[in-house]
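For reference, the structure is listed below as structure tokens.
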Amino acid sequence: MKTVCKINECAGCMACKDICPKGAIQIRDDPTAYNAVIDPQKCIGCDSCYRVCPHNHPAKAEMPQKWVQGWCADPVQRQKSSSGGFASAISKAFITSGGTVCSCALKDGKFTFEFAETVDDVKKFAGSKYVKSDPSGSYKAVKDKLKNGKKVLFIGLPCQVAALKNFVGKDLESALYTVDLICHGTPSPKLLEMFLKQYKIQLADVENIMFRKGRNYQIYCNNKSVATDGVIDRYMIAFLYKLTFANSCYSCKYAKTQRVSDLTIGDSWGSELPAQEQEKGISLALCQTDKGIELLKTADLVLKDVDPEKAIAKNGQLKAPCEMTKLRTEFENKIKRTQNFNRVVFSLIPQQCLKLDGKALLLKLGLYNKLKKLLHGFWK
């Protein structure tokens, strides 16, 4: 089997598929790995796929010029956001200035990349997506818009930003603005489908999905909690225990302080701002270029100073990728043998799951808040 990059090192960015002039590349997605497979009958040996690949050809990374934290000035938007609402405020300001924004949205059961041409369009991008998105087609579309003189803001994962920069090339970069997200790793959509199937939910039937509300990590489909409201579900606890990321995420070349984008955003974990502000959500931003600084300046944001050393200490992916643990290896072996996502997760972290199940039971019985006062700190 001939592949674009080494087996199980593919990030699933889809750039090779977009750039191939003969449609010779198929992306194989199993629950724990991506592989870009080349059809030798169609391949003409142009090597375009190899050159655009962000693993084979890493994009240039730069140290941040400026570090800040804060939130969007619109309190309603801040409340709707997973963190401090930076992405939404930056997108709206960019569109107001005459640009277009390309980012991830759920459409027809797929996490694809769509364009926002109006401020109202930005709402389809809302919320963190704890699943791998599919930018297929977006690289070509972004390049075409740049060729036509349009200013474009692309918001995606670091590997996707690197792939886009390789795809677009230097000649069109002046009108391209990029924002990458502090990424811990991403699970395949197949794992999300396995999880939802246990609750008789099909992604194709889901109009909107949320993976967290503030610091409450659990999945909501069509504004309704999939499992017990107020309790971390199996999908999110597996994510937090780093069990479900694609194989390539554990050796990611972009999990470091140097970044490939104009601006990097994420949660401001470890912020020393007042507790009431932390509860409302605080974003962290790293500016690598003048374009990144421009994006912050033009958006309606409340900005505060942040200590870079403390920010790095609380965001491990600004230092190195997650470690491939023994538990992760066991997860990979087990999930390939069974489609029962919840059972596999329980078998690997039973103590944590039992603790959450106990909380769910007490909530159903109406006893949780009473016992919480007696056992403060046991359930979080």
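Readers should treat all values here as calculations from the given coordinates under stated rules, not as data from a laboratory. Remember, predicted model here, so these are calculated numbers, not experimental data. Heads up, the Cβs are rebuilt from the backbone with ideal geometry, glycines too, and the neighbour counts pull from every protein chain shown.
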Practice prompt. Take the Cα atoms of the stretch 52-124, find their three principal axes, and give me the spread along each one in whole Å, biggest first.
Written response: 42, 37, 26
Practice prompt. Report the convex hull volume per residue for the stretch 66-318, counting only C-alpha atoms, in Å³.
Written response: 122
Worksheet, complete the sentence: In whole Å, largest first, the alpha carbons of the stretch 1-130 cover along the principal axes 55, 38, 32
Item to complete: Return a whole-number percent for the relative contact order of the stretch 66-318, with Cα pairs under 8 Å and 6 or more residues apart as the contact set.
Response: 29
Practice prompt. Work out how much length K314 to L374 would gain on full extension: take 0.36 nm times their residue separation and subtract the Cα-Cα distance, in nm to one decimal.
Written response: 18.6 nm
Worksheet item: Going through the stretch 285-343, which trypsin sites (Lys or Arg not before Pro) have at most 11 other Cβ atoms within 10 Å and a DSSP loop state?
Response: K319, R337
Practice prompt. Using DSSP, restrict attention to beta bridges with both residues in the stretch 66-318 and report what percent are antiparallel, rounded to the nearest 5.
Written response: 70
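Can you pick out the pairs among K197/K256; K123/K213; K256/K336; K123/K364 whose Cα atoms lie more than 25 Å from each other?
Correct reply: K197/K256; K256/K336; K123/K364.
What's the longest uninterrupted piece of the chain once you rule out the GluC sites (Glu not before Pro) that are loop residues per DSSP with at most 13 other Cβ within 10 Å?
On the way: sites that count: E117, E207, E272, E323.
The longest uninterrupted stretch comes out as 1-116.
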Worksheet item: What value, in deg cm²/dmol to 500, does the helix sum -39500 (n - 2.57) over DSSP H runs of n ≥ 4 give at 222 nm once divided by the residues of the chain?
Response: -9000 deg cm²/dmol
Worksheet item: How big is the antiparallel share of DSSP beta bridges in the stretch 125-221, given as a percent to the nearest 5?
Response: 45
Discussion item. To make sure I understand, if each residue's beta carbon is the centre and we count other beta carbons within 10 Å, what order do T96, T289 fall in, fewest to most?
Written reply: T96, T289
Discussion item. Cut-off is 10 Å between beta-carbons; in what order do C13, C46 appear when sorted fewest neighbours first?
Written reply: C46, C13
Item to complete: Could you pull out every one of the aspartates and glutamates with an alpha carbon less than 13 Å from that of K132, ignoring same-chain neighbours closer than 8 positions?
Response: D29, D30, E193
Fill in: Eligible aspartates and glutamates near K310 by straight Cα distance, threshold 18 Å, same-chain separation 8 or greater
D267, E272, E277
